[in-house]
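Trainee: This is the structure I have questions about; it appears just below.
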Amino acid sequence: MYGWMMGKNVKLLYETDWKEQERKGYRFAAHLLCKFPGDIVNAVAEKQDCFLDGYVGNKHELVKRSGAENWERTFCQLCSTEAPFESLRGSFGGFVVSRVTAADEITLFTDQMGSKAVYYYQDEERFIAASNLESIAKTLRENRIEYHLDETAVRYMLTYGFMIDDTTFIREVKRVLPGQSVRWKAGAVEKATYYLFDNTKTENWTKEEAIERIDASFRQAIRREFEKDREYGYRHLVDLSGGLDSRMVCWVAHELGYTDQLNFTYCRTKYLDHGISEKIAMDLKHEYLYKPLDDAGWMYDIDEMLQRNNGAALYHGITGGKRFLSLLNPEMFGIEHTGMVGDVIPSSFYADEAAAYAPPTFGKHQYSGRLQYTFDPKILDRYPNQEIFALYTRGLLGASSSYLIRQGYFETASAFLDVDFLDDCLKMPFSYRARHNIYLDWMREKYPAATEYGWEKWGGVKPKKSHIKYRKAVTAVRLADHFIRGLVGRAEEDNMNPLDYWYGQDPALQKYYQDYFFENIGKVKAGQELINDLEKLFGEGNVSEKGMVLTVLGAVKNFF
């Protein structure tokens with residue numbers, strides 16, 4: 001397993017192929033993916049140690065601006081300033097140890113999107129930080145430090161299907177949130193938010209001005225991530241589906257000259273995602289791979305998925321992604337270029353402005369509403385309104401959690417999650433963003449040829465405002481089919497991952513789910529009410545809800 005870990009006043013327990021370094025007052029061990037070794041910083045000095053894993057898309061700009069002789073010196077200079085991480089663009093995480101004062105200060109950080117996981121345990125004397133939860137759990141056991149199941153994490157999983165704050169399944173271990181740094185000094189922890197997206201300061205742009213602005217920042221984002229491949233001599237690995245998000249990444253990159261792409265998709269056979277993406281790739285003359293998911297083999301990977309995603313989200317959220325990536329030659333590619341969260345960035349989670357700017361509240365964007373819980377309202381205080389709450393929870397902590405699995409093979413990127421592009425989108429008047437309004441205009445004005453392929457969300461109708469009437473007709477037919485299936489008790493097939501349909505057709509998978517549940521439910525050390533909830537959701541829930549329960553049981557099995 002790739003990752004890193006550091007500890008103060010503890011004995012580290014790490015994988016055998018990790019390299020350990022003993023530094024002043026603490027130990028550090030790592031086995032890194034190292035796709036971009038020139039971007040990694042591992043600097044040891046008298047007054048300050050700096051470690052950064054991942055990559056920085058604007059590295060050369062920062063070096064030039066700083067006047068330093070290289071990237072390592074530049075980053076170390078930044079770490080001595082008041083806002084060291086705000087100017088970085090990319091996927092990164094790490095720590096800084098400062099020895100300026102009598103007591104060492106250890107600062108952990110992750111990027112603005114939290115795409116690199118960073119976890120930590122702390123008490124008055126000891127501190128452990130790592131890029132994966134399993135390493136911390138092993139180290140706690142090795143040092144005979146007692147730890148416990150966090151029942152709030154269980155409740156998050158049984159409703160949202162992901163963690164909505166810094167909680168993990170281990171009560172004593174927390175996660176560094178997106179755009180956050182955590183400082184440990186003299187046994188106390190201080191959290192600081194260095195970057196938080198804001199949708200309340202809109203610009204008085206005309207729609208034409210807005211299109212020009214987001215197009216320029218999107219192209220900048222594409223260059224940042226695709227140039228990183230070129231810098232190290234990699235081909236471009238680019239997701240492609242029947243949606244608009246990955247299509248725009250693929251299409252704009254191609255227009256900018258990044259044509260050496262391997263496009264790929266995975267979904268059920270004969271679904272729109274396959275046909276649409278294959279047509280686009282063939283017309284652009286890209287290499288293309290497709291993996292059908294009907295064997296549902298990836299649904300058996302509970303333990304491996306939880307070890308990789310740290311129990312941060314529902315284990316089967318990545319569906320067949322992990323199995324597909326494991327088939328590729330890892331030496332050929334540096335970044336997996338995705339369209340992550342692209343469906344709602346130039347648009348919004350909400351069609352109504354009042355709903356988007358309402359005070360944040362719990363209950364929306366849950367995978368399941370079968371169980372009702374009350375959560376700490378202080379969680380909501382971090383966010384100015386419902387849209388930003390949804391962006392950070394459903395978008396960054398939920399959907400983007402699959403990055404933690406993907407990073408076992410390649411680095412990850414989404415031009416839609418570029419800081420500057422996302423900032424520009426949130427500066428637009430909400431009326432532009434609602435219902436993919438400006439998204440469709442942007443495509444029509446700048447990339448009209450990309451609108452000549454069907455949109456999976458619209459049932460294969462082309463993403464044009466002039467085709468909305470056709471989309472409504474197709475939607476009506478799909479809804480009628482869904483209603484009839486519900487009446488006769490037939491599982492839904494009309495989506496890329498029809499879990500209930502696959503599960504219903506596969507007695508071996510049904511047995512595996514049942515066996516996994518009964519073998520592990522007795523290991524959960526929690527109150528009886530929560531045990532009853534696990535039994536209820538597994539017994540009454542659909543396959544996604546059963547998967548939420550098995551995610552909890554898998555976390556207990558793997559981390560305790």
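Trainee: Size of region 1-145 along its principal axes in angstrom, Cα-based, largest extent first?
Mentor: Principal-axis extents of the Cα atoms in region 1-145, largest first: 48, 35, 25 Å.
Trainee: Only bridges whose two residues both fall in the chain count here: according to DSSP, what percent of them are antiparallel, nearest 5?
Mentor: For the chain, the DSSP antiparallel bridge percentage is about 75.
Trainee: For region 38-82, with the dipole built from +1 on Lys and Arg beta-carbon atoms and -1 on Asp and Glu ones, taken about the Cα centre, which of 79, 48, 58 lies farthest toward the positive end?
Mentor: Farthest towards the positive end: 58.
Trainee: OK, next. Treating only the Cβ atoms of Lys and Arg (+1) and Asp and Glu (-1) as charged, compute the dipole magnitude of region 152-241 about its Cα centre; round to the nearest 20 debye.
Mentor: Rounded to the nearest 20 debye, it is 440 debye.
Trainee: Rounded to whole Å and sorted largest first, what semi-axes of the equivalent ellipsoid does the C-alpha gyration tensor of region 60-124 yield via the square root of 5 times each eigenvalue?
Mentor: Output for region 60-124: semi-axes of 23, 17, 8 Å.
Trainee: Ordering 451, 152 by how much accessible area each has at a 1.4 Å probe, largest first, what is the list?
Mentor: Result of the area sort, largest leading: 152, 451.
Trainee: Per residue Cα convex hull volume for region 92-187, in cubic angstrom?
Mentor: Each residue corresponds to 98 Å³ of Cα convex hull volume.
Trainee: With the cut-off at 25 Å, tell me which of the pairs 285/446; 201/228; 207/446; 228/270; 207/364 have Cα atoms farther apart than that.
Mentor: 201/228; 228/270; 207/364
Trainee: Along its three principal axes, how long is region 392-452 when you only count alpha carbons? Whole Å, largest extent first please.
Mentor: 38, 26, 20
Trainee: About its Cα centre, what dipole magnitude does region 223-265 give when the only charges are +1 on Lys and Arg Cβ and -1 on Asp and Glu Cβ, stated in debye to the nearest 20?
Mentor: Dipole of region 223-265, to the nearest 20 debye: 20 debye.
Trainee: Which three extents, in angstrom, do the Cα atoms of region 264-339 have along their principal axes, listed largest first?
Mentor: Each principal axis gives a Cα extent; for region 264-339 these are 40, 30, 21 Å.
Trainee: Rounded, prolate or oblate: which fits region 110-263 when a ≥ b ≥ c are the square roots of the eigenvalues of the alpha-carbon gyration tensor, with rounded for a/c under 1.5 and prolate only if a/b beats b/c?
Mentor: Prolate shape, in that a/c is at least 1.5 and a/b is the bigger ratio.
Trainee: Next question. Show me the trypsin sites (Lys or Arg not before Pro) within region 1-81 that DSSP assigns to loop and that have at most 11 other Cβ atoms within 10 Å of their Cβ.
Mentor: Here the sparse-neighbourhood loop sites are 11, 24, 47.
Trainee: When the gyration tensor of region 341-471 is built from Cα positions, what are the square roots of 5 times its three eigenvalues, in whole Å, from largest to smallest?
Mentor: That gives 28, 19, 16 Å for the three semi-axes.
Trainee: Can I ask one more? Taking the Cα centre as origin and putting +1 on Lys and Arg beta-carbons and -1 on Asp and Glu beta-carbons, what dipole magnitude results for region 76-223, to the nearest 20 debye?
Mentor: My answer is approximately 320 debye.
Trainee: Another question, if that's okay. What is the gain in length, in nm to one decimal, between residue 434 and residue 202 on full extension, counting 0.36 nm per residue of separation less the C-alpha to C-alpha distance?
Mentor: 82.1 nm
Trainee: Determine how large the accessible area of residue 107 is when every protein chain is in place; take a 1.4 Å probe and give Å² rounded to the nearest 10.
Mentor: Surface accessible to solvent at residue 107 totals approximately 20 Å².
Trainee: Tell me, what HN-Hα J-couplings in whole Hz come from the Karplus equation 6.51 cos²θ - 1.76 cosθ + 1.60 at θ = phi - 60° for each residue of region 364-372, using x for Gly and Pro?
Mentor: Karplus-based 3J(HN,Hα) across region 364-372 equals 8, 6, 8, 6, 8, x, 5, 10, 10 Hz.
Trainee: Further question: Within 10 Å, count the other beta carbons around each residue, average over each peptide in 406-413, 526-533, and list them highest first.
Mentor: Packing order, densest peptide first, comes out as 406-413, 526-533.
Trainee: What does the convex hull of the Cα atoms of region 248-307 come to per residue, in Å³, rounded to a whole number?
Mentor: 107
Trainee: Express the carbon and sulfur contribution to the solvent-accessible surface of region 1-129 as a percent, rounded to the nearest whole number, probe 1.4 angstrom.
Mentor: Roughly 47 percent, rounded to a whole number.
Trainee: Let me ask something else. What residue among 368, 91, 401 has its Cα farthest toward the positive end of the dipole of the chain, where the charges are +1 on Lys, Arg and -1 on Asp, Glu, each on the Cβ?
Mentor: Positive-end residue among those listed: 368.
Trainee: Right, next: Identify the trypsin sites (Lys or Arg not before Pro) of region 168-272 meeting these criteria: DSSP loop state and at most 10 other C-beta atoms within 10 Å of the C-beta.
Mentor: Of the trypsin sites (Lys or Arg not before Pro), the ones in loops of region 168-272 whose Cβ has at most 10 other Cβ atoms within 10 Å are 201, 270.
Trainee: So, one more: Restrict the search to region 494-549; then list the chymotrypsin sites (Phe, Trp or Tyr not before Pro) that DSSP places in a loop and that have at most 13 other Cβ atoms within 10 Å of their Cβ.
Mentor: Passing both the DSSP loop test and the Cβ count: no residue.
Trainee: With a ≥ b ≥ c the root eigenvalues of the C-alpha gyration tensor of the chain, is it rounded (a/c under 1.5), prolate (a/b larger than b/c) or oblate?
Mentor: Judged from the Cα gyration tensor, the chain comes out oblate (a/c at least 1.5, b/c at or above a/b).
Trainee: Next question. By the gyration tensor of its Cα atoms, with a ≥ b ≥ c the square roots of the eigenvalues, what is the shape of region 1-85: rounded for a/c under 1.5, prolate for a/b over b/c, or oblate?
Mentor: Since a/c reaches 1.5 but b/c is at least a/b, the shape of region 1-85 is classed as oblate.
Trainee: In addition: Based on DSSP H runs of at least 4 residues, each adding -39500 (n - 2.57), what is the mean residue ellipticity at 222 nm of the chain after dividing by all its residues, to the nearest 500 deg cm²/dmol?
Mentor: Calculated at 222 nm, the ellipticity per residue is -11000 deg cm²/dmol.
Trainee: Rank 453, 326, 346 by how far each Cα sits towards the positive end of the charge dipole of the chain (+1 on Lys, Arg Cβ; -1 on Asp, Glu Cβ) and give me just the farthest.
Mentor: After comparing all options, I get 453.
Trainee: Let me know the Rg and Dmax you get for region 288-396 when you use only its Cα atoms, in Å.
Mentor: Rg then Dmax for region 288-396, in Å: 17.7, 49.
Trainee: May I pose another question? Using a cut-off of 18 Å between alpha-carbon atoms, which aspartates and glutamates can reach residue 525, once sequence neighbours fewer than 8 places away in the same chain are excluded?
Mentor: 146, 150, 151, 172, 533, 535
Trainee: For a quick protection proxy, order the peptides 453-463, 141-151 by their average other-Cβ count within 10 Å, most packed first.
Mentor: Those peptides, ordered most packed to least, come out 453-463, 141-151.
Trainee: Something else about it: Hydropathy first: keep DSSP H helices in the chain averaging at least -1.0 on Kyte-Doolittle, then drop any whose Cα extent along the axis falls short of 24 Å, and list what survives.
Mentor: Helices passing the filter in the chain: 468-488.
The values are calculated or read from the model by the stated rules, or taken from the named source; none is laboratory data. Remember, it's a predicted structure, so these values are computed and weren't measured experimentally. Cβ coordinates were reconstructed from backbone atoms using ideal geometry, including for glycine residues, and neighbour counts include every protein chain displayed. Accessible surface is based on the protein model in full, side chains and every heavy atom, while ligands, DNA and RNA are left aside. Shrake-Rupley method; radii C 1.70, N 1.55, O 1.52, S 1.80 Å.
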